[in-house]
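One structure below.
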Amino acid sequence: MPKSKLDALIAQIKTRHAELRVGSARYDSFMAHLQSLGSWEQEAMNYPDETPDFPENIYLAYAVCHTDCGVKQVIVDGSTQECQRCGRLMFRIATKKYTALPD
């Protein structure tokens, strides 16, 4: 990527940062994304040891991202709708209820 394109992207980020209200949820999310980019693929593998409690029923949604991204995926309804490729919000096309099979 040419330096001019990188400079343009950084300018966009600075402009968006200036538009957000410090302390708001959007500001905090924006800053978390920037922090994540700063350590991308270098973070420690220190995840918590958890024992999941799976629900008996769950709603899954088929979601799509903007046409210039093109990602299509199944997400848990009610969870993040953030595209894992580009970071934008995905749009839910359809939702369906699933029931766990007995063990």
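Using only the Cα atoms of the chain, build the gyration tensor, take square roots of its eigenvalues as a ≥ b ≥ c, and label the shape rounded, prolate or oblate: rounded if a/c is under 1.5, else prolate if a/b is larger than b/c, else oblate. Could you put the intermediate results ahead of the total?
Values: a/c = 2.21, a/b = 1.70, b/c = 1.30.
Prolate, since a/c reaches 1.5 and a/b exceeds b/c.
For LYS72, which lysines qualify as cross-link partners when the Cα separation must be under 21 Å and same-chain residues fewer than eight apart are set aside?
Filter leaves LYS96, LYS97.
Quick one: helix 25-38 against the long Cα principal axis of the chain, what's the angle to the nearest 10°, folded into 0 to 90?
Helix 25-38 sits at roughly 80 degrees to that axis.
Read phi for every residue in region 75-87 and hand back ³J(HN,Hα) as whole Hz from Karplus 6.51 cos²θ - 1.76 cosθ + 1.60, θ = phi - 60°, with x for Gly and Pro.
10, 6, 4, x, 8, 4, 9, 6, 5, 6, 8, 10, x
By the gyration tensor of its Cα atoms, with a ≥ b ≥ c the square roots of the eigenvalues, what is the shape of region 1-51: rounded for a/c under 1.5, prolate for a/b over b/c, or oblate? Don't skip to the end; give the middle numbers.
Working: a/c = 4.85, a/b = 1.42, b/c = 3.42.
Oblate, since a/c reaches 1.5 and b/c is not below a/b.
Of the DSSP beta bridges with both residues in the chain, give the percent that are antiparallel, rounding to the nearest 5.
Values: 14 of 14 bridges.
Within the chain, antiparallel bridges account for around 100 percent of the total.
Quick check: at a probe of 1.4 Å, how many percent of the accessible area of region 12-103 sits on carbon and sulfur atoms? Could you put the intermediate results ahead of the total?
Values: 4320 of 8050 Å².
The computed percentage sits at 54.
Calculate, for the chain, the solvent-accessible area per residue in square angstrom, rolling a 1.4 angstrom probe over the heavy atoms of the protein chains. Intermediate results must be reported in sequence, preceding the final value.
Details: 9040 Å² over 103 residues.
Computed with neighbouring chains in place, this is 88 Å² per residue.
Excluding residues on the same chain fewer than 8 positions from LYS14, give the lysines whose Cα lies under 20 Å from its Cα.
Hits, sequence-local ones excluded: LYS3, LYS5.
The values are calculated or read from the model by the stated rules, or taken from the named source; none is laboratory data. Not measured: the values here are computed from a predicted model. Surface accessibility is based on the protein's heavy atoms, side chains included, excluding ligands, DNA and RNA. Shrake-Rupley method; radii C 1.70, N 1.55, O 1.52, S 1.80 Å.
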